[in-house]
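The values are calculated or read from the model by the stated rules, or taken from the named source; none is laboratory data. Treat the numbers as computed from the prediction; the structure is a model and nothing was measured. Cβ atoms come from the backbone with ideal geometry, glycine included; neighbour counts cover every protein chain shown.
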Amino acid sequence: MRAKTLVAVAVAAALSLVGCSSGAPAASQSASESASAAPSGGAGGEVGVFTWWADGSEKVGLDALVKLFGEKYPNDTFVNLAVAGGAGSNAKAKLASELANGNPPDSFQGHAGAELQDYIRADQIEPVNEVIDSLGGSSVFPQSLLDLLTVQGNIYSVPSNIHRANVVWANPAVLKKADITAVPADLDAWLSDMEKLKQAGVSTPLSIAGTWTQVQLFETVLIADLGVDEYTKLFAAGANWESDGVKKAVDHYAKLLSYANTASDGDDWPGATDAVIDGKAAYNVMGDWAVAEFTLKNKTDGEDYTYFPVPGTDGVFDFLADSFTLPKGAKNAAGAKDWLALIGSADGQKAFNLAKGSIPARTDVPATDFPKYQQSAMEAFKTNKIAPSIAHGAAVSQAWNSDISTAISKFYGSKDQATLIADLVAAAQKNAA
């Protein structure tokens, strides 16, 4: 199957997610009860699980799953193979080497969408249809989400959550220094507020981290300036990456960076979010895994921090989902299926998402079980237009993401807008053909 077809299918499925929500009514009690029923103890043996949840609040989420896994499957021994680096920036390179050398983990984390196609084309992961069916199938998972995980009739991973990428996290005390009380309506208004902060003595209006966080920031600017429909068209063959809209977005992005701190390529996201928590920065654009970082630091929603969609993206849900696979050649495939059953269960999704700040992929986990932010995200996922994330593999393959990341990294040093556009054009021509 050609790469452009796979990406187009993934993008179309992402757009069709509108109207699905983890806050939807329970599909069937029997499915929920079946997914939450006490297991027999598990297959036994070590179960090596590869993720990039090695630090901060992400590790808290993984720890919640591991604890529940031990309770549900006492015969199994969880082996943590996590590699640090937000969005898998470091982990994916190590994973690629392990898979190429015939040494796969028992399960590994991947993003739903086009990113999974790389593993499928390389014949590195097995279908998990039986696991999904045992969990309740489309009666508890939105069919449109399952479509993102399906190629030629087979489902290739079990989703653990839904994340939103286009969220601005803000420190009200820092904003007060410039008398900023209103949410900016668009990017120009946001830039105006950043200038006010600068004039008020705030040295870092906007905090950023390494390259992948900059790619995420850039994708939200593209969505703001292009709108969901035109943004999504960028991932089809023949898309115009040098349109006036893209040029406008690149200019806005350059201006945003002029208000940001100096970041190194390997800087991970918690530091950028902590800058807002600690009052060293006013804003940080980060996925909603950041809410767990605020919780970890004992910060109160609405008092110590506020949040809103990136200006210009109100009514848009920049979508990604974490999911777990069954690699070909896994040493303990039966134990891996225990892990997949746990992360896909109602109990597993509640424990994990409460800790991580995301929302369940299942539709039968009550919204009332979650705090304020997650409830708002559940509602937004029901009602907003859905845009697939570049940085987190929903919109593009790993190869295309890598080329975009290289272009963004180069731009961070040069600030040459024409070169960035040329690099984005070249990346599209190479990967969407």
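Could we say that Ala355 is in a helix (DSSP H, G or I), out of contact with any Leu (no Cβ under 6 Å at 6 or more places or on another chain), under 21 Å from Gly227 (Cα atoms) and at pLDDT below 95 here? So Ala355 fails the test. A search for C-beta distances below 7 Å between a residue of segment 231-257 that is within 29 Å of Met194 (Cα to Cα) and in contact (Cβ under 8 Å) with a residue 40 or more places away in the chain and any residue that is surrounded by 16 or more Cβ atoms within 10 Å (Cβ to Cβ) and of a type in the set (Gly, Ala, Ser), counting only pairs 6+ apart in sequence or on different chains, returns Tyr231/Ala387; Thr232/Ala387; Trp241/Ala428.
Among all positions in segment 400-420, there is at least one residue which is under 30 Å from Gly344 (Cβ atoms), buried (at least 21 other Cβ atoms within 10 Å of the Cβ) and out of contact with any Ser or Thr (no Cβ under 9 Å at 6 or more places or on another chain). Could you look through segment 255-290, keep only residues that are over 18 Å from Ala391 (Cβ atoms) and in a helix (DSSP H, G or I), and pick out the one that is farthest from the chain's Cα centre (by Cα)? My answer is Lys255. The set of residues in segment 118-148 being under 16 Å from Gly393 (Cα atoms) and crowded, with 23+ Cβ neighbours inside 10 Å consists of Leu145, Leu148.
When the residues of segment 233-254 are filtered to those that are part of a helix (DSSP H, G or I) and of a type in the set (A, V, I, L, M, F, W, C), the one that is surrounded by the most Cβ atoms within 10 Å (Cβ to Cβ) is Ala249.
Scanning segment 256-270 for residues that are buried (at least 16 other Cβ atoms within 10 Å of the Cβ) and at pLDDT 95 or above, we see that the one that is farthest from Ser409 (Cα to Cα) is Tyr259.
A single entry from Glu219, Glu230 fulfils the requirement of being crowded, with 24+ Cβ neighbours inside 10 Å, modelled with pLDDT of 95 or more and not assigned by TED's automatic domain parsing to the domain that holds Ser144: Glu219. Among residues of segment 124-143 that are over 16 Å from Ala112 (Cα atoms) and in a helix (DSSP H, G or I), those with a beta-carbon under 6 Å from a residue that is of a type in the set (S, T, N, Q) and modelled with pLDDT under 95 at least six positions away or on a different chain give the pairs Ser139/Ser28. Within segment 172-189, being part of a helix (DSSP H, G or I), over 21 Å from Glu303 (Cα atoms) and in contact with a helix residue (DSSP H, G or I) (Cβ under 9 Å, 6 or more places away or on another chain) holds for Leu187, Asp188.
Within segment 321-336, at least one residue is among the hydrophobic types (A, V, I, L, M, F, W, C) and within 30 Å of Ala282 (Cβ to Cβ). In segment 32-59, which residues are of a type in the set (S, T, N, Q), modelled with pLDDT under 90 and assigned to a loop (DSSP other than H, G, I, E, B)? Answer for segment 32-59, where residues must be of a type in the set (S, T, N, Q), modelled with pLDDT under 90 and assigned to a loop (DSSP other than H, G, I, E, B): just Ser40. The condition of being in the same structural domain as Val221 (by TED's automatic domain parsing), aromatic (Phe, Trp, Tyr) and closer than 27 Å to Ala275 by Cβ holds for only one of Phe352, Phe308, that being Phe308. Restricted to segment 381-392, and to residues there that are more than 18 Å from Ala239 (Cα to Cα) and in a loop (DSSP other than H, G, I, E, B), the residue that is farthest from the chain's Cα centre (by Cα) is Asn384.
For first residues located in segment 386-402 and at positive phi, partners that are of a type in the set (A, V, I, L, M) and not in a helix (DSSP H, G or I) and lie 6+ apart or on another chain with Cβ distances below 9 Å form the pairs Gly393/Ala112; Gly393/Ala114; Gly393/Leu320.
For segment 271-282, the candidate set comprises residues that are in contact with a helix residue (DSSP H, G or I) (Cβ under 7 Å, 6 or more places away or on another chain) and under 22 Å from Gln199 (Cα atoms); within that set, the residue that is surrounded by the fewest Cβ atoms within 10 Å (Cβ to Cβ) is Gly279. Restricting attention to segment 149-166, the residues that are part of a strand (DSSP E or B) and surrounded by 19 or more Cβ atoms within 10 Å (Cβ to Cβ) add up to 7. Considering Gly344, Gly335, the condition of being outside the structural domain of Asp225 (by TED's automatic domain parsing), more than 21 Å from Gln143 (Cβ to Cβ), of a type in the set (Gly, Ala, Ser) and crowded, with 24+ Cβ neighbours inside 10 Å is satisfied by Gly335 alone.
The rows are residues; the columns are (1) within 23 Å of Asp251 (Cβ to Cβ); (2) touching a His at 6+ places or on another chain (Cβ under 7 Å); (3) surrounded by fewer than 16 Cβ atoms within 10 Å (Cβ to Cβ); (4) not assigned by TED's automatic domain parsing to the domain that holds Gly271.
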{"residue": "Val168", "(1), (2), (3), (4)": "yes, no, no, no"}
{"residue": "Ala178", "(1), (2), (3), (4)": "no, no, no, no"}
{"residue": "Ala185", "(1), (2), (3), (4)": "yes, no, yes, no"}
{"residue": "Leu197", "(1), (2), (3), (4)": "yes, no, no, no"}
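The set of residues in segment 367-377 being touching a residue at least 24 places away in the same chain (Cβ under 8 Å) and outside any helix (DSSP H, G or I) consists of Pro371 alone.
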